[in-house]
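Below: the structure, in structure tokens.
The values are calculated or read from the model by the stated rules, or taken from the named source; none is laboratory data. The structure displayed is predicted, hence computed values, not measured ones. Here the Cβ is made from the backbone with ideal geometry for all residues, glycine too, and neighbour counts use every protein chain on show.
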Amino acid sequence: MNNKEIYINNTLTGKKEKFKPITENFVGIYVCGPTVYSEVHLGNCRTFVFFDTLVRYFHFLGYKVRYVRNITDVGHLVNDADEGEDKIAKKAKLEQLEPMEIVQKYTLNFHEVMHSFNTLPPDIEPTATGHINEQISMVEKILKNGFAYEVNGSVYFDVKKFLESGNDYGELSGRNIEDLLAGSRDLDGQQDKKSPQDFALWKNADDSHIMKWDSPWGVGFPGWHLECSAMSSKYLGNKFDIHGGGMDLKFPHHECEIAQAKGANHEHPVNYWVHSNMLTLNGKRMSKSTGNTILPFELFTGSSSHLTKSFSPSVVRFFMLQAHYSGVLDFSNEALIASEKGFRKLMNAFDLIKHHDFVEQHIDEQQNSKVESLCSSCFTFMSDDFNTPKVIASLFELVSIVNHFNSTSWSISNSTFELLQKTFCGFIEEVLGLENEITGNSSLTNQLIELVLELRKDAKANKNYQISDKIRDELVKIGVEIKDGKDTTSYTIKN
Ligand code: AMP
Ligand code: ZN
């Protein structure tokens, strides 16, 4: 295997497959973006950080990438079963804002968070409300092909018809239609549908509905799954390379996207489906709807009850990438503390390598080939289904060697040093997207606070309470609240 040939675990086939782009050296990627009705939580961030890393790797290998990530600014319905209240409209009433103010507020929040995690902005970030015409055209195509029906101003996808024409519904999620039908009791207030499995392409809107548009079927709004089908085909074509999103979107969202695309264009829209796994908190999925979440700013300020201190965005990004994207990752204060230690060690070596003024001296052949082989393994692991934990393990092996060189002598050749510099620094900065915040403001602040707290601890140990109290009071005055635990002191930076 050439270590730059990428292998991807395609969730459609369940197999690791060699990546063959539709157009040589070009990769088209669509990732489902957030629904902007509340602040993004750390679980959402895990998914977007992973896909950012995937995109970065394609860039690193020299691919031309078109990365499309949408903004869902038309509310899905509250129970996601084509009935109920629009989530954005509901939030607008609650916050006494226009729905578009809600959309603006949380889109800005999303961008800010994405920026703090050093993710690259997508090349196109289409919004659902900006693509109503495209969505209507797609519904018209599906109707014309006989895979949808109109009832009382709404249009539903006809799953039975779709199956009878030899199509599969459940090919991605592995769900079996008989089980799905047996599992659904009745139409649950969805009387317009012929079958509970049918899903809305377009919904008729009553007078109370705020976000609505004219259509050939009357005033209404698009169904949950339609925007991604309409926008991905518009910007990447009816067939494109990679479609990504969190595991929870496999069904019904992505299954419906496949059905819609086949219903409109008679072909499967995507070559490789990639799903990232969930971030959990106390073993339970982080989720907006249950409130089991941590918000990014709570991490950066240390204000969450789950934390004893604050963590910089790069440390959190590093923590996420230490796990493979396909596995569940459980969030904990202890795991972050361990990640922070590792991160600092890695970044110290990064600084050393980046700024080292290398002069070739003697060459130890064994060390030389060890460095070369570890550099090569970074590519091998990343190309093997984006195995970031194994890449990081190789980087740490390089850290040990480099630290040894630094205290003895750099016994490698000029060309090996160049390879090391390009690979080590390239993987850290360009692929993993880690920033050395040790020299940046936020981490410097944290380190200074930690230093002051150390001095306070010494003062207390020497029973110099006047000094220790003064440090505490002065810190509070500048917005740093401290909490004394049994053995340690934690702090929170107030905004
Ligand atoms: P949403 O705004 O709920 O549509 O979610 C945006 C993205 O975040 C989707 O790709 C979800 O799959 C993903 N997501 C939601 N919860 C989590 C979680 N706990 N861990 C990882 N990804 C998540
Ligand atoms: Zn989507």
Exercise for the section: Would you check if there is a residue in region 116-132 being within 13 Å of the chain's Cα centre (by Cα), under 19 Å from GLY291 (Cα atoms) and within 15 Å of ligand 1 (Cβ to nearest atom)? Expected result: no
Problem - Top-ranked residue in region 1-24 [being modelled with pLDDT of 95 or more, out of contact with any strand residue (DSSP E or B) (no Cβ under 6 Å at 6 or more places or on another chain) and polar (S, T, N, Q); ranked as nearest to ASN387 (Cα to Cα)] - result: THR13
Practice task
Kindly check whether there is at least one residue in region 271-278 that is more than 18 Å from the chain's Cα centre (by Cα) and of a type in the set (A, V, I, L, M, F, W, C).
Solution key: no
Problem - Among the residues listed as TYR30, TYR37, the single one being within 16 Å of ligand 2 (Cβ to nearest atom), more than 24 Å from SER233 (Cα to Cα) and in the same structural domain as PRO269 (by TED's automatic domain parsing) - result: TYR37
Problem - Among residues of region 43-54, those that are in contact with a strand residue (DSSP E or B) (Cβ under 6 Å, 6 or more places away or on another chain) and either more than 8 Å from ligand 1 (Cβ to nearest atom) or among the acidic types (Asp, Glu) (or both), counted - result: 2
Completion exercise
Exactly one of SER305, SER376, SER369 is closer than 30 Å to TRP273 by Cβ and more than 23 Å from the chain's Cα centre (by Cα), and that one is SER376
Practice task
Quick one: count up the residues across region 446-477 that are surrounded by 13 or more Cβ atoms within 10 Å (Cβ to Cβ) and part of a loop (DSSP other than H, G, I, E, B).
Solution key: 1
Fill in the blank from the handout: Scanning region 70-96 residue by residue, those in a strand (DSSP E or B), at pLDDT 65 or above and within 16 Å of ligand 2 (Cβ to nearest atom) turn out to be ILE71, THR72
Exercise for the section: Could you check, for region 246-255, whether at least one of its residues is within 11 Å of ligand 1 (Cβ to nearest atom) and not in a helix (DSSP H, G or I)? Expected result: yes
Handout entry: Residue within region 306-320 that is within 15 Å of ligand 1 (Cβ to nearest atom), crowded, with 22+ Cβ neighbours inside 10 Å, part of a loop (DSSP other than H, G, I, E, B) and modelled with pLDDT of 95 or more present
Key = no
Completion exercise
Restricted to region 101-148 and to residues being touching a Cys at 6+ places or on another chain (Cβ under 9 Å) and β-branched (Val, Ile, Thr), the residue nearest to LEU54 (Cα to Cα) is THR119
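Every residue, every condition in (1) in contact with a His (Cβ under 7 Å, 6 or more places away or on another chain); (2) under 26 Å from LYS16 (Cβ atoms); (3) touching a residue at least 24 places away in the same chain (Cβ under 8 Å); (4) not in a loop (DSSP other than H, G, I, E, B), yes or no:
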residue	(1), (2), (3), (4)
SER229	no, no, yes, yes
ASN238	no, yes, yes, no
ASP241	no, yes, yes, yes
LYS262	yes, yes, yes, yes
